[in-house]
Every structure is written in C-alpha cells, then in structure tokens.
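Engineer: Before we start, here is the structure in question, set down as structure tokens.
The values are calculated or read from the model by the stated rules, or taken from the named source; none is laboratory data. Fair warning: this is a prediction, and the values are worked out from it, not measured in the lab. Heads up, the Cβs are rebuilt from the backbone with ideal geometry, glycines too, and the neighbour counts pull from every protein chain shown. Quick note on the areas: whole protein, heavy atoms, side chains included, nothing else; ligands and nucleic acids left out. Shrake-Rupley method; radii C 1.70, N 1.55, O 1.52, S 1.80 Å.
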Amino acid sequence: ILRDLCYQSLITLHSATLEPIPVIATHWWISPDRSCLRFRINPAARWHDGSEITADDYVATWRLRVNKDILDPAALSYEKLTATALSKYLIEIRLQQPDWRAFLLAGELAILPAKIIAELSGAEYLERFQFLPHLGSGPYELRADDVKSGESLTLRRVPNWWGAKNPAWTGLFNFDSYKIRFIRDDMAAN
C-alpha cells in the first residue's frame, strides 16, 4: 500500500488492458535485441518537497536495491540490470542477457530520492528507515508523526501532487487519508 500510494515508478500497467502506462516516465525505448532499455523522466515529476525527480534518483535507487546489506531476496532480479543516468532525465538500463521481464522489473521500481539514499549502505538504510518514512512522490505521504509503531499508519493525500492532472488517474486518489490499523489478535482480525 505504501509503495503504491507514496512512491512512484517509471511506469505501471493499466488495470484493464495490462498495457504499460507512464507514471514518472513519459517515453521508453527497447532495443531490437532487448538488451537495452531507455526511459525519459517527465520534467514535471516532483518529490513532495517540490524538488525534481531525475535520472540520478533512479540510479541511486537501483544501487540501493542491489546492495547486499539490504537483505532483500527480490534484489537478485535487479542484479541482472545496470542503470546509468545518460542525462538529467534519461536513464539507460543494460541487461546481462535479454529477458522479457526486464522492462517491467526496471519500469516498476519504486524510485527513492538520491539526496536521502545515495550515500547510505543497505544496512544504514534499514536502520534509518525501518520504521520511519522518507520523501516520496506519490499522491499520498506518510509523515513521521502518523506512524504509531505496532498500532497504525495514516497516509495523507498530498494537496499539490505533481501528477494530479494526469488523465490516467481520473477517479483515483479521492480520499483525504487512509488509516491502516495493525491488529495483533487473530480472533479480533477475523
């Protein structure tokens, strides 16, 4: 829920057609031999603090995902990719070998802000952000004071979210907040 509402990726799949649709990326290209992907970031894309989302943010996120200290088995998939910032808004992804899944793997990576994560090891990231949120880019945000450890999380809609006028999101993200409660009693949860 947090990933989908607070952090964004380059693309997502349309819920009815399963066709890729832009989120942070405006365009993409796949080489004829499928060993190289390129994505262009929308210059209007912004973090919640108003700063731009750039190719460096994507590369820093990819580096964090492949860091052994992150202790995430899913990271093994990202080791097959190499991400490079070709310019402020252009990302190139090289594959060790062509793989039909790489487009979705690379495109649906939730991007994190380089200014926060670039210098952190995987262990430092886990220690610092295990129970605290950081800057996002999605329609909702999780603030530190909205985290009640072991009890609940409250996500609040971002009033000036950069993607609000995208026609792909018509009818979505209408709630002012979501409150997620954690129930530790199996009987009460049923």
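Engineer: Report the label-to-label distance for residue 82 and residue 184 in nanometres (one decimal), using points 7 Å from each Cα along the Cα→Cβ vector.
Structural biologist: 4.8
Engineer: Normalised by the number of residues in the chain, what is the relative contact order in percent for Cα pairs under 8 Å and 6+ residues apart?
Structural biologist: 22
Engineer: Over the chain, how many pairs of lysines fall under 30 Å by alpha carbon, counting only those 8 or more apart in sequence or from different chains?
Structural biologist: Count of close lysine pairs: 13.
Engineer: To the nearest 0.05, what FRET efficiency results for residue 147 and residue 18 with a Förster distance of 25 Å applied to their C-beta separation?
Structural biologist: Efficiency, from the Cβ-Cβ distance: 0.15.
Engineer: Normalise the Cα radius of gyration of the range 97-190 by 2.2 N^0.38 Å (N = residues in it) and let me know the number.
Structural biologist: Compared with the compact-globule rule of thumb, the range 97-190 sits at 1.37.
Engineer: Pairs of Cα atoms under 8 Å, at least six residues apart: use those to get the relative contact order of the range 69-134, whole percent.
Structural biologist: 35
Engineer: Hey, what did the range 1-43 get for relative contact order, percent, Cα under 8 Å, at least 6 apart?
Structural biologist: Value for the range 1-43: 29 percent.
Engineer: Per DSSP helix of 4 or more residues, -39500 (n - 2.57); summed, then divided by the residues of the chain. What does that give at 222 nm, rounded to the nearest 500?
Structural biologist: Value at 222 nm, helices only: -5000 deg cm²/dmol.
Engineer: Send over the semi-axes of the range 1-159's equivalent ellipsoid, whole angstrom and largest first, taken as the square roots of 5 times the C-alpha gyration tensor eigenvalues.
Structural biologist: Each semi-axis is √(5λ); the values are 26, 18, 15 Å.
Engineer: Next question. Ignoring any ligand, DNA or RNA, what whole percent of the accessible area of the chain comes from carbon and sulfur when the probe is 1.4 angstrom?
Structural biologist: Carbon and sulfur atoms account for 53 percent of the accessible area of the chain.
Engineer: In nm, give the distance between the simple-model label positions of residue 156 and residue 116, each being 7 Å from the Cα along the Cα-to-Cβ direction.
Structural biologist: 1.5
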